[in-house]
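Chemist: Quick one: structure below, then a few questions.
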Amino acid sequence: MNSQEILTLAEAIVGAWDWATEVSHPRPNQIDVKVTHLNELVPIVVGLRVKRLGYLCAIVGLDLGPEVNEMEVLYHFCPGDVVIGLRVRIPRQGGAVPSLSEVIPSAEVFERELHEMFGIEITGLRNTERLYLPERWPEGVYPLRKDFDPASLAAHEGGV
Amino acid sequence: MPENLAPKRFTIPIGPQHPALKEPGHFQFTVDGEVVTSAYVRLGYAHRGIEKAAEERTWIQNLYLIERICGICSHIHAMAYCLAVESLANVEAPPRAQAIRVLVAELERIHSHFLWIGVSAHEAGFETLFMYSWRDRETVMDLLEGLTGNRVNYSANLLGGVKFDLDQAQMDSIRKGVDFLEERTHHYLDVIMHDSTFLQRTRGIGVMTTAQAEVMGAVGPTARASNVKRDLRVEAPYSAYKTFPVQMALDTRGDLEARFEVRLNELFESFRLIRQILDNLPEGPLVARIPRRIPAGEAVVRLEAPRGEVYYFVKGNGSDKPERLKVRTPTICNLTSVIRLAVGHQLADVPMILAGIDPCFSCNDRMVQVRDAATDSQKMLTWEQLRQHGIDFYRSKAK
Amino acid sequence: MNRLGTMLPDVFRSVFRPPATENYPFVRPEKVERLRGLLKFDPTNCSGCGLCAMDCPAKAIEVTMIDRKTKKFFLTYHTDRCMFCGQCVVTCNKSSLRMSNNEWELASLDKNSFTIYFGDKPDAEPILAGKPEGQPEPVKEG
Amino acid sequence: MNVFLGISSLLIFPGGLFLVVSGLLYEWADHKMLALLQNRVGPRWFQPFADTLKLLIKEEIIPDGVNPFMFVGLPLVALAGALTAGLYVPLAGLAPTFGFPGDLIVVLYLLSLLTLGIGLAGANSLDRFSLIGATRTLTQVFSYEAPFLLALLGPAMVAGSWQIGKITAYAASHWLILTQPLGFLVALIGLMGKLELPPFDAPEASTEIVSGAMTEYSGRGLAIFNLGRAVELVVGLTLVSAFYLGGLSNPLWFLGKTLVLLLALVGIQSLLTRLRIDQTVGLWWRYGVLLVLVQWLIVILFRGM
């Protein structure tokens, strides 16, 4: 498959969920899919997966800051030289995204990282143990959030 | 032996500090006799909070921070970051700069693979191969030093180009070095393919099938040894690979021996590519002008590092600092896949299996907390405060 | 054909060969021209713009302005913070900075030797004397 | 025998001090030759002495959960075993200090005492690496011990005596390496197994189990174990070269022959990859024993004629 065919195929797959997605083309080899219905995320990923477009490259968390009070989670699928981005918006407090680890085993580490760095709940993730942060890291402090204050850790009992 | 202390089944901790690991990582292997029955991994011992730190530094300062994500594949990280920033700013580096970037990247690949041969030979207990491969690695380190002024962390990249040009004398020394290394690579390929005692430790060990590699998301030589056609230099050529194409080295067996062969066969492509670039080096300037404030936007860059695919996501907000930088390094993909392979193997094979993916923990562990004097914002601790904190902490502990 | 002792040719040859190891502290190796060693400052053209300090990823350079009009300033260079990336050399458009390829053995037991002052040192002394820790406040440029 | 002479032969020469010093020097020679073959510089001559001295003046930490008596005693037993074995072999080309019919068997078991001591020391500890190391050490003993013993019995059979002194005297006029090459090969490789040199260093493979059975040893205990190994290196080299390389009639011959043998050991070390413990066992029982039995058959057939 060349990149044009991959793009067409991906659009066709995502097109089946046109009521739940907004598709845009930021760059020639890239499509950006805004998934507005969170429940449809996993079915779309399954759809990509069965057509062998489901090589998950990374999951990126984006904190849009306290003003917007929302966070974005970006799932980048990279078959060939095409980048398919699925974009999900969730509230900053108590936001949750469904886990992909049932569909894509390698998603587990990315999701654990997302969970501990941003405090996003991953529903259905079996192993929520810490992967990177130290054992004594305080609960409820998420370092990659925009309002994370490193100085607050200095006050933490016994250091980190 | 007290009852509560007597282990029923052994859990062998490997790391964070262990002779088999050159970097800190923690693994637990439950063994029944000599056979591993379960495996567990914990990372984060080399976390430096680079993703967060990058948000506090300017685009230019970040270049050198990014380069220090990994000591071995430093160039490819800096290159990925440069490509991402350049794509945000809509600037393209001049062709000569791109060729030099790829040249350094390939030299770095040679250096990394030679290093890896040595490390795996050491894990297997073949010290002579270790010593000789590292001796020969000095050749490529010297080439890189001559070219860029440093043996590691070359900082050849600039936003919009490269720092260093090549002159005739350097080209000649690179050609000479590459000839020598090619001859040595033939020799090492012969050793790893034909040495009976070494083959006992690699053949049929840690087999990963094509389907497994795809499902687990293995990348780089580890994936290619399982016949997964995943090489970004071929799949999605970037920078000068568009004009200087390479061939993919593949193997179908998926065991450790295949990983060795794929890596060494890849080197021949690197040697060829380096000669080709030297013969056809485009003329022109080295740097394209790039603004200090990078326009807002998002960019995804994927490059083929020696260990596999590195992924960079950069989001700019129009200021002189990035809004978000996300790095995904190949080791995290390979580690999760390979750790499952260890189950059912002999304990003695575990170091080899781990080494087989060429793990790089410092690449993996990047994020977390920054305590930094670099920015003098009030939120941050200065070094002085941090030092004082440390003194107080241990004083209170001593009491 | 699989066989034993594939490294035999290497092993045999090195019996007649001197060790590859460098005899460093006794024999100082000749270093390449581009080696990035200690930073050198040439004040003739410098305008004190402070771009080098701004771009320095390790905050190893501080530009302290004494008098903006007469362009009196001095540079404080912290070798212990410097990571020898060479960005300042590229940034400086007056070519006032370069890196020595000869001075690279910079370890010292004395902490003070890690701070090097460039420029109008006599003018700087009163300012430095005013600061008990000997750490001048960097004047922000731009 | 004069009492004074007896004591001096026990403590200074050829036993005791001489054995320890020459053991450390041979250890250095081993390291230096290996470095030479790997195109490195290698340590200077006093390195093993400095290491031993450093370990001896360091604090010995007795970890929790061990039997302290065994923890302290085992290194001494191991070293004593190796030193005692030295009294029955023709060290420095001189006739053995002591000897009685059948001392060959005693020497072999005295040498095994070191390995057993290390194995027990590992099993005495609660540390997981030590336990695995101990398991491997003891597994390895059972694999190479029998072939090694059988290989050394080859010269004994042709000499018609089980006393080392007599076998050496017989071997001085017969280069048994020519008549019993298979036995020599097995004895040489068996010696490497006994000394846990690569490729038989699985019991202390640093990349897998840190330091094997000796992981928890520090200071004095570790130094004594290391000394025991060094002594065993000399005793083993002496024994094999006396039996197979035409006897040891004077000190010069002793030096030359043992060093040539050491060079062979180093060469083998440098060319092979560490064997897994199952591969070691397989190697010895599949090939080692077979080779030795073939050698025996040949010896018996020729003697019968």
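Every read-out reported here was derived from the displayed coordinates using simple, explicitly stated rules and does not represent laboratory data. Fair warning: this is a prediction, and the values are worked out from it, not measured in the lab. Please note: Cβ atoms are built from the backbone with ideal geometry, for glycine as well, and neighbour counts cover all protein chains shown.
Chemist: Give me the dipole magnitude in Debye, nearest 20, for the range B:50-332 about the Cα centre, with unit charges on the beta carbon: positive for Lys and Arg, negative for Asp and Glu. Show your work: numbers first, answer last.
Modeler: Details: 35 positive and 38 negative charges, 163 e Å.
Using Cβ point charges on Lys, Arg, Asp and Glu, the range B:50-332 gives about 780 debye.
Chemist: Which shape class applies to chain B: rounded if a/c is under 1.5, otherwise prolate when a/b exceeds b/c and oblate if not, where a ≥ b ≥ c are the square roots of the Cα gyration tensor eigenvalues?
Modeler: On the way: a/c = 1.84, a/b = 1.12, b/c = 1.64.
Oblate, since a/c reaches 1.5 and b/c is not below a/b.
Chemist: Rank the residues B:52, A:146 as a footprinting-exposure proxy: fewest other Cβ atoms within 10 Å of their Cβ go first.
Modeler: On the way: B:52 22, A:146 16.
Neighbour counts put them in this order, fewest first: A:146, B:52.
Chemist: Over chain D, calculate the relative contact order: mean separation of alpha carbon pairs under 8 Å at least 6 apart, over the residue count, as a percent.
Modeler: Values: 498 pairs, mean separation 83.3, N = 305.
Worked out over chain D, it gives 27 percent.
Chemist: Sorted from fewest to most neighbouring beta carbons within 10 Å, what does the list A:128, B:185 look like?
Modeler: Numbers: A:128 13, B:185 25.
Listed from fewest to most nearby Cβ atoms, that is A:128, B:185.
Chemist: Sticking with this structure for a sec: Take residue A:2 and residue B:248, extend 7 Å from each Cα along the Cα→Cβ direction, and tell me the distance between the two endpoints in nm.
Modeler: 1.7
Chemist: Would you list the membrane-span-like helices of chain B, meaning whole DSSP H runs whose alpha-carbon atoms span at least 18 Å along their axis and whose mean Kyte-Doolittle value is at least 0.0?
Modeler: Working: long enough: B:74-89 (23 Å, 0.94); B:95-124 (43 Å, 0.26); B:127-148 (31 Å, -0.27); B:168-194 (39 Å, -0.62); B:256-279 (35 Å, -0.04); B:383-398 (22 Å, -1.29).
Those that pass (Cα extent of 18 Å or more, hydropathy at least 0.0) are B:74-89, B:95-124.
Chemist: Which of the trypsin sites (Lys or Arg not before Pro) found in the range A:26-57 are loop residues per DSSP with 12 or fewer other Cβ atoms within 10 Å of their Cβ? Intermediate values should be presented prior to the final figure.
Modeler: Working: sites: A:34, A:49, A:51, A:52; in loops: A:51, A:52.
When the trypsin sites (Lys or Arg not before Pro) of the range A:26-57 are filtered for loop state and at most 12 Cβ neighbours within 10 Å, A:52 remain.
Chemist: With each pseudo-label sitting 7 Å past Cα toward Cβ, what's the residue D:3-residue D:61 distance in nm, one decimal?
Modeler: Using points 7 Å along Cα→Cβ, the separation is 4.6 nm.
Chemist: To the nearest 0.05, how large is the calculated FRET efficiency for residue C:44 and residue C:23 if R₀ is 51 Å and r is the Cβ-Cβ distance? Each step should come with its number before you reach the end.
Modeler: Details: r = 40 Å, r/R0 = 0.79.
The computed FRET efficiency comes out at 0.80.
Chemist: Moving to a separate point now. Can you give the longest stretch of chain A with no exposed loop site, where a site means GluC sites (Glu not before Pro) in a DSSP loop (not H, G, I, E or B) with at most 16 other C-beta atoms within 10 Å?
Modeler: Working: sites that count: A:102, A:129, A:135, A:139, A:157.
Formally, the longest exposed-site-free interval is A:1-101.
Chemist: Collect residues whose amide H, placed 1.01 Å from N in the peptide plane, falls under 5 Å from the amide H of residue B:323; neighbours closer than 5 in sequence don't count.
Modeler: It is B:315, B:316, B:317, by chain and number.
Chemist: Taking 0.36 nm per residue of separation and subtracting the Cα-Cα distance, what length does fully extending residue A:23 through residue A:102 add?
Modeler: Values: separation 79, 0.36 × 79 = 28.44 nm, distance 2.52 nm.
Value of the extension gain: 25.9 nm.
Chemist: Using the Cα centre of the protein assembly as shown as origin and beta-carbon charges of +1 (Lys, Arg) and -1 (Asp, Glu), tell me which of D:162, D:118, B:186 is placed farthest towards the positive end of the dipole.
Modeler: The one lying farthest along the dipole's positive direction is D:162.
Chemist: Treating only the Cβ atoms of Lys and Arg (+1) and Asp and Glu (-1) as charged, compute the dipole magnitude of the range A:3-152 about its Cα centre; round to the nearest 20 debye. Intermediate values should be presented prior to the final figure.
Modeler: Values: 14 positive and 22 negative charges, 49 e Å.
Once rounded to the nearest 20, the dipole reads 240 debye.
Chemist: Which value at 222 nm does chain D reach when only helices count, each DSSP H run of 4 or more adding -39,500 (n - 2.57), with the total divided by all residues and rounded to the nearest 500 deg cm²/dmol?
Modeler: Details: 14 runs with 217 residues, N = 305.
So the helix-based figure for chain D works out to -23500 deg cm²/dmol.
Chemist: Sticking with this one: For the range C:14-78, what relative contact order do you get, as a whole percent, if you take Cα pairs closer than 8 Å and at least 6 residues apart? Could the numbers behind the result be given before it?
Modeler: Numbers: 40 pairs, mean separation 12.1, N = 65.
About 19 percent, as a whole number.
Chemist: Towards the positive end of the charge dipole of the range A:3-152, with charges on Cβ (+1 Lys, Arg; -1 Asp, Glu), say which of A:54, A:97, A:71 has the farthest Cα.
Modeler: A:54
Chemist: Just report the Cα centroid separation between the range A:81-160 and the range B:134-179, whole Å.
Modeler: Comparing the Cα centres of the range A:81-160 and the range B:134-179, I get a distance of 40 Å.
Chemist: Looking only at other chains, what is the average number of their beta-carbon atoms within 10 angstrom of each beta-carbon in A:131-137? Intermediate values should be presented prior to the final figure.
Modeler: On the way: counts 7, 12, 5, 5, 2, 0, 3.
Whole-number average of other-chain Cβ neighbours for A:131-137 is 5.
Chemist: Find the relative contact order for the range A:3-152 and round it to a whole percent, using C-alpha pairs within less than 8 Å whose residues are 6+ positions apart. Before the final figure, lay out each step's value.
Modeler: Numbers: 253 pairs, mean separation 28.2, N = 150.
Normalised by residue count, the contact order of the range A:3-152 is 19 percent.
Chemist: Using R₀ = 41 Å, calculate the FRET efficiency as 1/(1 + (r/R₀)^6) where r is the Cβ-Cβ separation of residue C:69 and residue B:151; round to 0.05.
Modeler: Values: r = 45 Å, r/R0 = 1.11.
Given R0 = 41 Å and the Cβ-Cβ separation, E is 0.35.
Chemist: Still on this structure, please answer the following. When DSSP beta bridges are limited to those with both residues in the range A:3-152, what percentage is antiparallel, rounded to the nearest 5? Write down the numbers at each step before the final one.
Modeler: Working: 20 of 29 bridges.
Approximately 70 percent, going by the DSSP bridge assignments.
Chemist: Continuing with this model, one more query. Please state, to two decimals, what the Cα-based radius of gyration of the range D:187-271 comes to when divided by 2.2 N^0.38 Å (N = residues).
Modeler: 1.22
Chemist: In addition: Whole Å is fine, so just give me how far the alpha carbon centre of the range D:185-216 lies from that of the range C:55-96.
Modeler: Their Cα centres are 57 Å away from one another.
Chemist: Here is a further query. Taking Rh as the Kirkwood radius computed over C-alpha pairs, what is the Stokes-Einstein D of the range D:3-304 at 4 °C in a medium of viscosity 1.567 mPa s, expressed in µm² per second? Let's see the in-between values first.
Modeler: Values: Rh = 19.5 Å.
Answer, rounded: 66 µm²/s.
Chemist: Sticking with this structure for a sec: Out of every Cα-Cα pair in the protein assembly as shown, what percent are more than 55 Å apart? Can you show the working numbers first?
Modeler: Values: 125188 of 505515 pairs.
Counting pairs separated by more than 55 Å, the tail of P(r) holds 25 percent.
Chemist: Okay, moving on. Using a/c under 1.5 as the rounded threshold, could you call the range C:8-130 rounded, prolate or oblate? The axes a ≥ b ≥ c are square roots of the C-alpha gyration tensor eigenvalues, and prolate needs a/b larger than b/c, oblate otherwise. Walk me through the intermediate numbers first.
Modeler: Details: a/c = 3.61, a/b = 2.50, b/c = 1.45.
Because a/c hits 1.5 or more and a/b exceeds b/c, the range C:8-130 counts as prolate.
Chemist: GluC sites (Glu not before Pro), restricted to the range B:217-278: which are DSSP loop and have at most 14 other Cβ atoms within 10 Å? Before the final figure, lay out each step's value.
Modeler: Values: sites: B:235, B:257, B:261, B:266, B:269; in loops: none.
In loop regions of the range B:217-278 (DSSP not H, G, I, E or B), there are no sparsely surrounded GluC sites (Glu not before Pro).
Chemist: Still on this model: Which value, in debye to the nearest 20, describes the size of the charge dipole of the protein assembly as shown about its Cα centre when Lys and Arg Cβ atoms bear +1, Asp and Glu Cβ atoms bear -1, and nothing else is charged?
Modeler: Working: 98 positive and 106 negative charges, 199 e Å.
That gives a dipole near 960 debye.
Chemist: Positive end of the charge dipole of chain D (Lys, Arg +1 and Asp, Glu -1 on Cβ, about the Cα centre): tell me which of D:270, D:210, D:184 has its Cα farthest that way.
Modeler: Of the options given, the answer is D:184.
Chemist: Also: Could you calculate the FRET efficiency of residue D:100 with residue C:109 from 1/(1 + (r/R0)^6), where r is the beta carbon distance between them and R0 is 45 Å, rounded to 0.05?
Modeler: Numbers: r = 63 Å, r/R0 = 1.41.
With a Förster radius of 45 Å, E is 0.10.
Chemist: Based on DSSP, what percent of beta bridges with both residues in the protein assembly as shown are antiparallel, to the nearest 5? Walk me through the intermediate numbers first.
Modeler: Values: 65 of 75 bridges.
Of all bridge pairs located within the protein assembly as shown, approximately 85 percent are antiparallel.
Chemist: Would you calculate a helix-derived [θ] at 222 nm for chain B, using -39,500 (n - 2.57) for each DSSP H run of n ≥ 4 and dividing by the full residue count, to the nearest 500?
Modeler: Values: 15 runs with 197 residues, N = 399.
Rounded to the nearest 500, it is -15500 deg cm²/dmol.
Chemist: Also, I was wondering about something else. Averaged over peptide D:196-203, how many Cβ atoms belonging to another chain are found within 10 Å of each residue's Cβ?
Modeler: Values: counts 0, 0, 4, 4, 0, 2, 3, 0.
Counting Cβ atoms of other protein chains within 10 Å of each residue's Cβ and averaging gives 2.
Chemist: Which far-off residues, 5 or more places away or on another chain, put their amide H under 5 Å from the one on residue B:45, with H placed in the peptide plane?
Modeler: Sorted by chain and number, the residues that satisfy this come to none at all.
Chemist: Counting other C-beta atoms within 10 Å, which of D:290, D:185, D:297 has the fewest, and how do the rest follow?
Modeler: Details: D:290 14, D:185 18, D:297 10.
Going from least to most buried by this count: D:297, D:290, D:185.
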